[in-house]
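The values are calculated or read from the model by the stated rules, or taken from the named source; none is laboratory data. Just so we're clear, the structure is a prediction, and the values are computed from it rather than from any experiment. Neighbour counts are summed over all protein chains in view; Cβ atoms, including those assigned to glycine, are modelled from backbone coordinates with ideal geometry. These accessible areas exclude ligands, DNA and RNA; they are computed on the full protein's heavy atoms, side chains included. Shrake-Rupley method; radii C 1.70, N 1.55, O 1.52, S 1.80 Å.
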Amino acid sequence: MAHIWQALRSGEWLTASRVRAYCLILLALAGLAVVGWIALSHDLVDRNGKPIGTDFSSFYAAGALALEGRAADAYNMALHHARERQLFGPDTPFYSWLYPPSFFLVAAPLALLPYALALAAWQGLTFAFYLAVVGAILRPARQQHGAIGRLWLPVAVAFPAVFINLGHGQNGFLSAALLGAALVVLPRRPLVAGVLFGLLSYKPQFALVLPLALVAAGQWRTFFSAGLTVIVLVGASAALFGVDAWTAFFASTEISRKVLLEEGNVGFEKLQSAFAAIRLWGGGVTPAYMAQTAVSVLTVAATAWVWHASRDHAVKAALLIAATALASPHVLDYDLMLLAPALAFFVAFVAARPDARFGDYEISLLAFVWIAPLLSRSIAGVSYIPLGLFAELAFCALVLRRAALDRASHALGAPRVAQA
């Protein structure tokens, strides 16, 4: 036992060869699953009656309605489901459309293509964007440390949330890429960063932490650039798809909140938040909201403090991304794609330190955060353990500890410099 704990503490168990081997094993298993899934499907509908890409069928149906001038109908569950059944067969399950009308700017062009091509283009382009952003985050570390340069790509490709996002045809790649790209360019191009932040507004539940972090850091140009981008997106979508689409969206949010979040229609085991954990354990809606409020307030406050006090952009970026997921009550397992750029920023932060060393248990903890998306849904469904939430909490605690140590080292260094 002492040897196991020592290995976990030092991280010596996770060698470069093991990292590569684990990634290749996951990729091989995922590849076999995808090939089998598609081979056993008929007309892009699997043996369970679900369209290949599942959730993407909702995007495609909503985009088709928007192209017909019926964007508001996407927020009517009966009408939206009718279009899904028309496209994919009468036994197609209902996949809801919860996004603001600004996301029609993506869904409508995709609906111009045949479904298979639209799905391939959507997942392929956003996946390439995600990989490019992770590569950009780690560029200095890749140049300085050969192991990072050799391993970053298989680790990014085999990140388990990638497989979840691919299976659902979801937007996790895009969310992770936009947030990561905005933080990459923020120090040099704050206005561009604001535009990228604003483009993420199709996920309004991710807006709890970001504005206050920007204010705490005095990033006013980015703050106003993001706000202006949101206004432009709202105006463009209203002009193209009708003001009634926005009216229908706001009217649908109450039903969505009750059915999908509070009643857990999507399954509490799929949600990775404090709210979902309380509901998973049998708690009522009020205690769940109280727990989520406490977590959100503490997360926002801690992130604002780090963004105000820390000098290191990478540690601030890592915390902001992880906190964005942790502070929201509506985070699904494919949204854990956000952890990929967060992990990349943390590795970049450590690699830039003079000693370039991970602390006690940090490597083992990072490995846990990396693998958590693969197991979070199944473990929560069987044992009621919200593994995804624990991974978010653990990573935020890790980054906060590093930020506090970094600030303390600067505080100790200042008198010494003055004496010298």
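The order of the peptides 265-275, 16-26 by mean Cβ neighbours within 10 Å, most packed first, is 265-275, 16-26. Rounded to the nearest 20 debye, the dipole size of the range 244-344 about its Cα centre is 280 debye, using +1 on the Cβ of Lys and Arg and -1 on the Cβ of Asp and Glu. Computed over protein heavy atoms with a 1.4 angstrom probe, the accessible surface ordering of 393, 196, 405, largest first, is 405, 393, 196.
Length gained on full extension, residue 16 to residue 2, computed as 0.36 nm times the residue gap minus the Cα-Cα distance: 2.7 nm. Computed from the C-alpha gyration tensor, the three semi-axes of the ellipsoid equivalent to the chain are 36, 25, 21 Å, from longest to shortest. Here the average projected area of the convex hull drawn through the C-alpha atoms of the range 301-404 stands at 6.5 nm². Ranking 29, 375 from most to least accessible surface, computed with a 1.4 Å probe over the protein chains only, gives 29, 375. Relative to the longest principal axis of the Cα atoms of the chain, the long axis of helix 339-351 makes an angle of roughly 20 degrees. Dipole magnitude for the range 208-272: about 260 debye, using +1 per Lys or Arg Cβ and -1 per Asp or Glu Cβ, origin at the Cα centre. Per-residue surface analysis assigns residue 247 an accessible area of about 90 Å², computed on protein heavy atoms at 1.4 Å probe radius.
What is the percent carbon and sulfur in the accessible area of the chain, measuring with a 1.4 Å probe over the protein chains and ignoring ligands? Roughly 68 percent of what the probe reaches on the chain is carbon or sulfur. How high is the relative contact order of the range 217-293, given as a whole-number percent (alpha carbon pairs under 8 Å, six or more residues apart)? Contact order relative to length: 15 percent.
Reachable lysines from residue 316, Cα under 25 Å, same-chain residues fewer than 8 places away excluded? Those lysines meeting the cut-off are 203. Accessible surface ranking for 206, 224, 1.4 angstrom probe, highest first: 224, 206.
The label point for residue 255 and the one for residue 54, both projected 7 Å from the Cα toward the Cβ, are 2.3 nm apart. Once the 1.4 Å probe is applied to the protein heavy atoms, the range 240-285 comes out at 47 Å² accessible per residue.
The charge dipole of the range 1-153, taken about the Cα centre with unit charges on the Cβ atoms of Lys, Arg (+1) and Asp, Glu (-1), comes to about 680 debye, rounded to the nearest 20. Over every Cα atom in the range 137-224, the radius of gyration and the widest Cα-Cα span, Dmax, amount to 15.2, 40 Å. Relative contact order, whole percent, for the chain stands at 19, derived from Cα pairs under 8 Å and 6 or more residues apart.
Sorted on the mean count of surrounding Cβ atoms within 10 Å across their residues, most packed first, peptides 108-115, 350-357, 2-9, 161-168 read 161-168, 108-115, 350-357, 2-9. With angles folded into 0 to 90 degrees, how steeply does helix 313-326 sit against the dominant principal axis of the chain? Use alpha carbons for both and round to 10. The helix 313-326 is inclined about 40 degrees to the chain. Binning the C-alpha pair distances of the range 200-336 at 10 Å intervals from 0 yields a P(r) profile of 11, 33, 33, 21, 2 %, listed from the shortest bin outward. To the nearest ten degrees, helix 387-419 and the longest principal axis of the Cα atoms of the chain are 40 degrees apart. Normalised by the number of residues in the range 170-301, the mean separation of alpha-carbon contacts (under 8 Å, six or more apart) gives a relative contact order of 18 percent.
Packing around the peptides 334-345, 84-95, 304-315, taken as the average count of other Cβ atoms within 10 Å per residue, puts them in this order, highest first: 334-345, 304-315, 84-95.
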